[in-house]
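Student: Mind looking over this structure? Questions follow.
The values are calculated or read from the model by the stated rules, or taken from the named source; none is laboratory data. Note that the structure is a prediction, hence the values are computed from the model and not measured. Keep in mind that these areas ignore ligands, DNA and RNA; they rest on the heavy atoms of the full protein, side chains included. Shrake-Rupley method; radii C 1.70, N 1.55, O 1.52, S 1.80 Å.
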Amino acid sequence: CLGAGGAYAQQAAFPAKPLLFVSPFAPGPGPDVYIRPLTIKLGEQLGQTVVLDNKVGFGGSLAAQQVAKSAPDGYTLTLVTNSNIVQRFVQSDIGYDPLADFSHVTQLTIGGSLLVVARKPR
């Protein structure tokens, strides 16, 4: 009789409710080309709806802020890019720490970045 109380308190299997994927990109071109199919496939594999919310602005920081402030239960995801890491050196307070406030799930792409400046005419 005492052991039955522990079974009652167990959580439902993950995911027990729809997931939210907050995209830092506008719908249409660019990374949205692979984010949309990713959310569809993720929903199929998990057997749960994945809602895609495009939250554009501030170099991806608006989406990252929303996810950083959400419950740490795995139901809210985002895509963190190089701009999220660089933003903390450009802006004094971006409202989250890109290294401490998120748990890494997987690497989706590999891409290069270049830092360039204008060249003097010859």
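Student: As a test of the formula, what do you get for the chain when each DSSP H run with n ≥ 4 contributes -39,500 (n - 2.57) and the sum is divided by the residue count, at 222 nm and rounded to the nearest 500 deg cm²/dmol? Please report the intermediate quantities before stating the final value.
Tutor: Numbers: 4 runs with 37 residues, N = 122.
Value at 222 nm, helices only, nearest 500: -8500 deg cm²/dmol.
Student: Please list the non-local residues whose amide H lies under 5 Å from the amide H of Phe25, H modeled 1.01 Å from N, same-chain partners needing a gap of 5 or more.
Tutor: Placed amide hydrogens put Lys55 under 5 Å from Phe25.
Student: Can you give me the relative contact order of the chain as a percent, contacts being Cα pairs under 8 Å and 6 or more apart? Intermediate results must be reported in sequence, preceding the final value.
Tutor: Values: 124 pairs, mean separation 29.7, N = 122.
Reported as a whole number, the value is 24 percent.
Student: Would you report the distance distribution of C-alpha pairs in the stretch 32-120 as whole percents per 10 angstrom bin, up to the bin with the largest distance?
Tutor: Spelled out per bin, shortest first, that is 14, 43, 31, 9, 2, 0.
Student: In the chain, what is the count of Lys pairs whose alpha carbons are under 25 Å apart, counting only pairs at least 8 residues apart or on separate chains?
Tutor: Pairs that pass both the separation and distance tests number 5.
Student: Please figure out what share of the DSSP beta bridges in the chain is antiparallel and state it in percent, rounded to the nearest 5.
Tutor: Details: 0 of 8 bridges.
The antiparallel fraction comes to roughly 0 percent.
Student: How much accessible area per residue does the chain have, in Å², with a 1.4 Å probe?
Tutor: Numbers: 8890 Å² over 122 residues.
Here the per-residue accessible area is 73 Å².
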